[in-house]
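What follows is a set of notes on a single structure, which appears directly below.
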Amino acid sequence: MNFRLGVELEGILPFNKNKWSMFIEPTFHSYSSEKQTEPTAFNSNTSLATVDYKSIEIPMGFRHYMFLNDNAKLFANVGYVVDIPLNASVAYESNFGTTRIEFGSNGSFVFGVGFKYNNKIGIEARYIGKREIFGNGAFVSYFSDYQGYSLIFGYTLF
């Protein structure tokens, strides 16, 4: 669990009673973790994996509003997220040395549902689908299925 910081730009499309919009939401997010493994009866190696993952995620897509009354509306959105790593890597240290793997740039689909009140305050639950984050040129033996869930709180300024 971690925090992200972003800005969303949304343009309401002028048809179907303003129920459709397009959005783009550049977001900075950061994740760091370490995992130490101890020797076992089957493996005498000690290893330490360190993840330092910082990136700019750029979800973009379409949103459909369902108006409940003059002040409240539900929405559902679908889109695609592009992920741009910023000096992000995994370091794996073991008895045999250190291996460093750089993250690549890959994307995935996003789906979300939410609620907006008085066109100012909003909450959204979003799923970001699985994606390979080691990118092109990574070692064949390393792969990932990075995915995420977000609970997004928003406040509209303009």
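Can you pull out every residue in segment 105-135 that is within 14 Å of the chain's Cα centre (by Cα) and not in a strand (DSSP E or B)? Before you say what the answer is, go through the steps one by one.
Of all residues in segment 105-135, those within 14 Å of the chain's Cα centre (by Cα) come to 105-112, 124-133.
Listed by number, the residues that qualify are SER105, ASN106, GLU132, ILE133.
Within the set TYR80, TYR65, the sole residue that is touching a Ser or Thr at 6+ places or on another chain (Cβ under 8 Å), under 20 Å from LYS17 (Cβ atoms) and modelled with pLDDT of 95 or more turns out to be TYR65.
State all residues of segment 1-45 that are under 12 Å from the mean Cα position of the chain (by Cα), part of a loop (DSSP other than H, G, I, E, B) and loosely packed, with under 14 Cβ neighbours inside 10 Å; if no residue qualifies, say none. Residues satisfying the conditions are MET1, ASN2, PHE3.
Only one of GLU57, GLU102, GLU8, GLU25 is at pLDDT below 85 and among the acidic types (Asp, Glu). Can you tell me which? Only one candidate passes the filter, namely GLU102.
Among the residues making up segment 57-85, those that are farther than 18 Å from PHE153 by Cα, free of Cβ contacts under 8 Å to residues at least 40 places away in the same chain and either in a strand (DSSP E or B) or touching a strand residue (DSSP E or B) at 6+ places or on another chain (Cβ under 9 Å) (or both) are LEU68, TYR80, VAL82, ILE84.
Taking the numbered list (1) surrounded by 11 or more Cβ atoms within 10 Å (Cβ to Cβ); (2) touching an Asp or Glu at 6+ places or on another chain (Cβ under 9 Å); (3) assigned to a strand (DSSP E or B) in turn, PHE153 passes all entries but (1). Among the residues of segment 119-158, those identified as more than 16 Å from LEU74 (Cα to Cα) and at pLDDT 90 or above are TYR127, ILE128, GLY129, TYR149, SER150. The set of residues from segment 105-117 being under 23 Å from ASN16 (Cα atoms), among the aromatic types (Phe, Trp, Tyr) and surrounded by 13 or more Cβ atoms within 10 Å (Cβ to Cβ) comprises PHE111, PHE115. Candidates in segment 93-104 are the residues that are assigned to a loop (DSSP other than H, G, I, E, B) and within 25 Å of the chain's Cα centre (by Cα); of these, the one that is surrounded by the most Cβ atoms within 10 Å (Cβ to Cβ) is PHE103.
The values are calculated or read from the model by the stated rules, or taken from the named source; none is laboratory data. Predicted, not measured: the structure shown is a model, and the values here were computed from it. All Cβ positions, glycine included, derive from the backbone under ideal geometry; neighbour counts span all protein chains shown.
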